[in-house]
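The values are calculated or read from the model by the stated rules, or taken from the named source; none is laboratory data. Predicted, not measured: the structure shown is a model, and the values here were computed from it. Reconstructed Cβ throughout: ideal geometry from the backbone, glycine too, with neighbour counts over all protein chains shown.
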Amino acid sequence: MSDLNMVSLPTRAWHGDVMLDLEFPPAWEVITCAMNGHDAPPLDEAGLRAAFADPIGTPPIRELARDRKEVAVIIDDMTRPTRIADFIPLVLEELHAGGIQDENIRFVMGLGAHGAYTRTDFVKKLGEEVVAAYPVYNHNIYENCTLMGKTSRGTRVMINAEVAKCDLKIGIGCIVPHLYTGFGGGAKILLPGVSSVETIEANHESLRHTLMQTPLGGDIALGKYKNNVMRLDMVEAARIAGMDLIVNTVVNTWRRTTALFVGDVEQAYLAGAALSETHYATELVAGADVIVANCYGKGSEALLSLPACLPFFFSEPAKDFVMIVSAPEGQVTHYLYGPFGKTTGGRHFQNLPPVSAIPGLARMIVFSPCGDKAGEKWIGLPGSEVIREWGRVIDRLEQVHGDRTRAVVLPDATIQYFPEGRNDPVAELGRE
């Protein structure tokens, strides 16, 4: 192999953010297929401050905080790439300017149906000083949830009791492509973020199942958010629960904040999503033999890279798919969909279809340097192969493709999407 045919990819988000060098055979044509905003410059302090000074659709936090007594700051969890520590001092500065005392501020990690985290994780998200000065709690989907009302679509809005009792609610997260809601962020920090399992189930399963039976599928697809009925149900739930303001980032390939949207849970989100349509958009390269999908920003939810890449498989010839999973923490615990035994799992756990059932997918290889037997079984389709050394991955591919091979490499398939391709991956994977 030649050093000239090498690609460097970011891996191990939240674990040192290590660059991984991958060598390909010298004769291969290797194309790095980056999203439009992959190298967008990060905001400096002036840019961050400008977003807080002029929020979209709401007064600044310092004005909202006046005459409020208790504050809940909901933060997204470790499955999301948001570097909250970079700007959380500005949120606290705003709260203090509004007269809020430290003892009346608490943080709640919006886990949705994900497993709980520890102090080590809280520090990675918020920074050492914040965790030492303010209480940070995990959300519990099974207990201590308060009924706030019901959406027009019948979803009973039951949210974290600690959040419910606060009269100022701020949500912090990021806007990145999402399998169900088009783009994440916005109202998702409340539903599913700090909602009960019944509320999450009503929105994620009952409502989605109903919509999947309609001709348009309720606009549930990657990149589709404006008329996405599942997302609009989340927005209504956030209104019912009294979400006052969101802080949402847009990030580049290295998880750096390149844009910040502060303000109303829907108005600020829509502004961020409009930018995201082009920022995360990726050109669909034709004629590839091998698709190499790096899983970085959402490395602990690596399976999300497969539906994002499905548009590649809708054209001839059939392609090999290599998923790069370098996540020391393993795959996230998921109480709705995840495995909890050899044949058991969450209440909506389903066996994925075999590789042979996906049109246009010839083979699937999970390149997993960090051994995670249970996680690899969950994210790898039946019939896929797990390999721990990159040299062996290339050996297996060369056995089929030889020297005349075109490989497309996605620097972070967990936050990229292809607007010109078919984006109905839920149906394609048989998840309805």
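Screening the candidates 157, 131, 91, 108 for the property of being in a helix (DSSP H, G or I), among the β-branched types (Val, Ile, Thr) and either over 20 Å from residue 45 (Cα atoms) or within 18 Å of the chain's Cα centre (by Cα) (or both) yields one hit, 131. Search the stretch 38-55 for residues that are farther than 30 Å from residue 8 by Cβ and pair each with any residue that is not hydrophobic (A, V, I, L, M, F, W, C) when their beta-carbon atoms are under 7 Å apart and the residues are at least 6 apart or on different chains. Short answer, once both residue conditions are applied: 52/60; 52/94; 53/60; 55/263. Under the condition of being over 21 Å from the mean Cα position of the chain (by Cα) and at pLDDT below 90, the residues counted in the stretch 203-249 number 10.
From 359, 369, which residue is in a loop (DSSP other than H, G, I, E, B) and in contact with a Ser or Thr (Cβ under 7 Å, 6 or more places away or on another chain)? Break it down stepwise before answering.
On the way: 359 fails: in contact with a Ser or Thr (Cβ under 7 Å, 6 or more places away or on another chain).
Testing whether each residue is in a loop (DSSP other than H, G, I, E, B) and in contact with a Ser or Thr (Cβ under 7 Å, 6 or more places away or on another chain) leaves just 369.
The residues of the stretch 114-136 that are closer than 20 Å to residue 171 by Cβ and among the hydroxyl-bearing types (Ser, Thr, Tyr), listed by number, are 117, 134.
Filtered by the rule that a residue be over 12 Å from residue 327 (Cβ atoms) and surrounded by fewer than 16 Cβ atoms within 10 Å (Cβ to Cβ), the stretch 362-384 gives 373, 374, 382, 383. Report, by residue number, each residue of the stretch 372-403 that is among the aromatic types (Phe, Trp, Tyr) and within 22 Å of the chain's Cα centre (by Cα). If the condition is that a residue be among the aromatic types (Phe, Trp, Tyr) and within 22 Å of the chain's Cα centre (by Cα), then 378 is the only one that fits.
Of the conditions (1) under 21 Å from residue 9 (Cα atoms); (2) touching a helix residue (DSSP H, G or I) at 6+ places or on another chain (Cβ under 8 Å); (3) not in a loop (DSSP other than H, G, I, E, B), residue 378 clears all except one; give me its number. Going through the list (1) under 21 Å from residue 9 (Cα atoms); (2) touching a helix residue (DSSP H, G or I) at 6+ places or on another chain (Cβ under 8 Å); (3) not in a loop (DSSP other than H, G, I, E, B), residue 378 breaks only (1). For the stretch 26-62, taking the residues that are in contact with a Gly (Cβ under 7 Å, 6 or more places away or on another chain) and not in a loop (DSSP other than H, G, I, E, B), the one that is nearest to residue 259 (Cα to Cα) is identified as 56.
Considering the stretch 396-432, the residues that are under 17 Å from residue 224 (Cα atoms), of a type in the set (Val, Ile, Thr) and at pLDDT 95 or above include one that is surrounded by the most Cβ atoms within 10 Å (Cβ to Cβ), namely 415. In the set (1) touching a His at 6+ places or on another chain (Cβ under 8 Å); (2) within 25 Å of residue 57 (Cβ to Cβ); (3) polar (S, T, N, Q), the condition left unmet by residue 278 is number (1). Of all the numbered requirements in (1) under 20 Å from residue 7 (Cβ atoms); (2) under 15 Å from the mean Cα position of the chain (by Cα); (3) in a helix (DSSP H, G or I), residue 304 misses one, and that requirement is (1). It is to be established whether one or more residues within the stretch 8-18 are free of Cβ contacts under 8 Å to residues at least 40 places away in the same chain and over 28 Å from residue 327 (Cα atoms). Within the stretch 8-18, none of the residues are free of Cβ contacts under 8 Å to residues at least 40 places away in the same chain and over 28 Å from residue 327 (Cα atoms).
Among the listed residues 330, 223, 297, which satisfies the condition of being surrounded by 24 or more Cβ atoms within 10 Å (Cβ to Cβ) and not hydrophobic (A, V, I, L, M, F, W, C)?
Values: 330 fails: surrounded by 24 or more Cβ atoms within 10 Å (Cβ to Cβ); 223 fails: surrounded by 24 or more Cβ atoms within 10 Å (Cβ to Cβ).
Just a single option satisfies the conditions, and that option is 297.
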